[in-house]
Amino acid sequence: MKVNGYFDHFNVNVTDLNKSIAFYEKALGLKEVNRKEAKDGSFTLVYLGDGKSNFSLELTYLRDKEGQYELGDNESHLCFRVAGGSYDEIREFHREMGCICYENHEMGLYFIHDPDDYWIEILPVE
């Protein structure tokens, strides 16, 4: 059987929904495109989009979650291609935000981390 499909979204669980929404909007320009809330208020799902593709980042907030999420070695990550302005200017903007957590100048990439310490690889548009 041949599967004919496409990627729709990627989920991360967050401890402070408003802080995470603000981070992704400021750092990457993502905007809320959809929201689902449990009738009992136990969870909220917020979908963020880039306005260019149908792929979205799903932020899941669980009302009763206590403490931080265990992220392991942070080897899994998202990758975000940046356009507009120079790559170096965008990297400097992220440096000023204080969210760069790793840089590899030889490979031409760096990582930022969100308020829950999820890593996002930043690459220039090819």
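Within the accessible area of the chain, the carbon and sulfur atoms contribute 49%, probe 1.4 Å, all protein chains present.
Over the residues of the chain, the helix contribution to mean residue ellipticity at 222 nm works out to -5500 deg cm²/dmol, using -39500 (n - 2.57) for each DSSP H run of at least 4. Only one residue of His105, Tyr61, His77 has its Cα farthest out toward the positive end of the dipole of the chain, where Lys and Arg carry +1 and Asp and Glu -1 on Cβ, and that residue is Tyr61. In the context of the full set of protein chains, residues of the chain present 67 Å² of accessible surface per residue (probe radius 1.4 Å, heavy atoms only).
Normalised by the empirical 2.2 N^0.38 Å for globular proteins, what value does the Cα Rg of segment 1-74 take?
Numbers: Rg = 14.0 Å, N = 74, 2.2 N^0.38 = 11.3 Å.
Relative to the rule-of-thumb radius for its length, segment 1-74 sits at 1.24.
On the basis of the beta-carbon distance and an R0 of 25 Å, Asp64 and Phe93 show a calculated FRET efficiency of 0.10. To the nearest ten degrees, helix 17-28 and the longest principal axis of the Cα atoms of the chain are 20 degrees apart. Between the helical axis of 87-97 and the longest alpha-carbon principal axis of the chain there is an angle of about 50 degrees.
The values are calculated or read from the model by the stated rules, or taken from the named source; none is laboratory data. Since the structure is predicted, the reported quantities are computational estimates derived from the model, not experimental observations. Note that each Cβ is placed from the backbone with ideal geometry, even for glycine, and that neighbours are counted across all protein chains shown. Quick note on the areas: whole protein, heavy atoms, side chains included, nothing else; ligands and nucleic acids left out. Shrake-Rupley method; radii C 1.70, N 1.55, O 1.52, S 1.80 Å.
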